[in-house]
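Trainee: Okay, handing you the structure first.
The values are calculated or read from the model by the stated rules, or taken from the named source; none is laboratory data. Every value quoted in this text rests on a predicted model; they were computed, and no experiment measured them. When we count neighbours, we look across all protein chains shown, and the Cβ atoms used for this are built from the backbone with ideal geometry, even at glycine.
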Amino acid sequence: MNRDKAIELLKTNIAKWNQYRKDNPTFKPDLSYANLSYADLTSADLYNANLSSANLRSANLTSADLYNANITSAGLSSANLSNAGLSNANLSYADLYNANLTSADLYNANLSSAKLHSADLYNANLHSANLSNADLRYANLSNANLYSANLINANLSQPTLERQEAVYLQLEKKFELEQIQAKAIMTNISSHYNTLEEAILPE
């Protein structure tokens, strides 16, 4: 199926699209730069699809399968991605401003430098996700799973956290413990060095 036909089928008949994907498991849709704004893509099979730089603003992607999809730099502002499967997806630099990601599965997803300002991530699974340099201002992270997530240089000003406050406290405690352990190791090394120095250079 050529690109234009693929885009047209996706826009007009999700059932036939999903059946085509089922019948052609090696087909990897190239939907890069496609205009899919406001499209109803509920439960669409978009795993392994190339959606880089696609326009998905205000699109309905509820329960869509986007496993391992390339969604880099895509426009997803105000899109509905609730319950979507986005594990291993690449969403780096994507615009997810005001997007609905409630209960979305973002396990091991790459969200580095993504714009998540005012996004709703309630109950989302962000286990092992890369959120480095992401804009999470005013995002709702209540009840989200951020275990092992990378939040280096993420902008977390004014997020809604609720239960996630406990996670940050755990991260702070872990950091403090690592500092204590590192200090203990250095003290131990210093002690061994002094002992060795005394043995080699006796008074």
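Trainee: Taking segment 53-72, which residues are under 15 Å from the mean Cα position of the chain (by Cα) and surrounded by 19 or more Cβ atoms within 10 Å (Cβ to Cβ)?
Mentor: Of everything in segment 53-72, those that are under 15 Å from the mean Cα position of the chain (by Cα) and surrounded by 19 or more Cβ atoms within 10 Å (Cβ to Cβ) turn out to be 65, 66, 67, 69, 70, 71, 72.
Trainee: Same structure again: I need every pair where a residue in segment 10-32 that is without any contact (Cβ under 8 Å) to a residue 40 or more places away in the chain and in a loop (DSSP other than H, G, I, E, B) has its Cβ under 6 Å from the Cβ of a residue that is small (Gly, Ala, Ser) and buried (at least 17 other Cβ atoms within 10 Å of the Cβ), sequence separation at least 6 or different chains.
Mentor: Once the first residue is without any contact (Cβ under 8 Å) to a residue 40 or more places away in the chain and in a loop (DSSP other than H, G, I, E, B) and sits in segment 10-32, its partners that are small (Gly, Ala, Ser) and buried (at least 17 other Cβ atoms within 10 Å of the Cβ) give 29/6; 29/49; 31/49; 31/54; 32/52; 32/53.
Trainee: To continue, here is another question. If I ask for residues that are of a type in the set (Asp, Glu), more than 25 Å from the chain's Cα centre (by Cα) and modelled with pLDDT of 95 or more, which ones from segment 1-46 would you list?
Mentor: Of everything in segment 1-46, those that are of a type in the set (Asp, Glu), more than 25 Å from the chain's Cα centre (by Cα) and modelled with pLDDT of 95 or more turn out to be 8, 23.
Trainee: When you look at residue 78, is it farther than 24 Å from residue 31 by Cα, free of Cβ contacts under 8 Å to residues at least 60 places away in the same chain, of a type in the set (Ser, Thr, Tyr) and part of a loop (DSSP other than H, G, I, E, B), yes or no?
Mentor: Answer is no for this residue.
Trainee: Still on this structure, I have one more. Could you list, in sequence order, the residues of segment 47-57 that are touching a Leu at 6+ places or on another chain (Cβ under 9 Å) and over 18 Å from residue 21 (Cα atoms)?
Mentor: Hits for segment 47-57 are 52, 54, 55, 56, 57.
Trainee: Among (1) in contact with a Lys or Arg (Cβ under 8 Å, 6 or more places away or on another chain); (2) closer than 19 Å to residue 130 by Cα, which single condition is residue 101 missing?
Mentor: (1)
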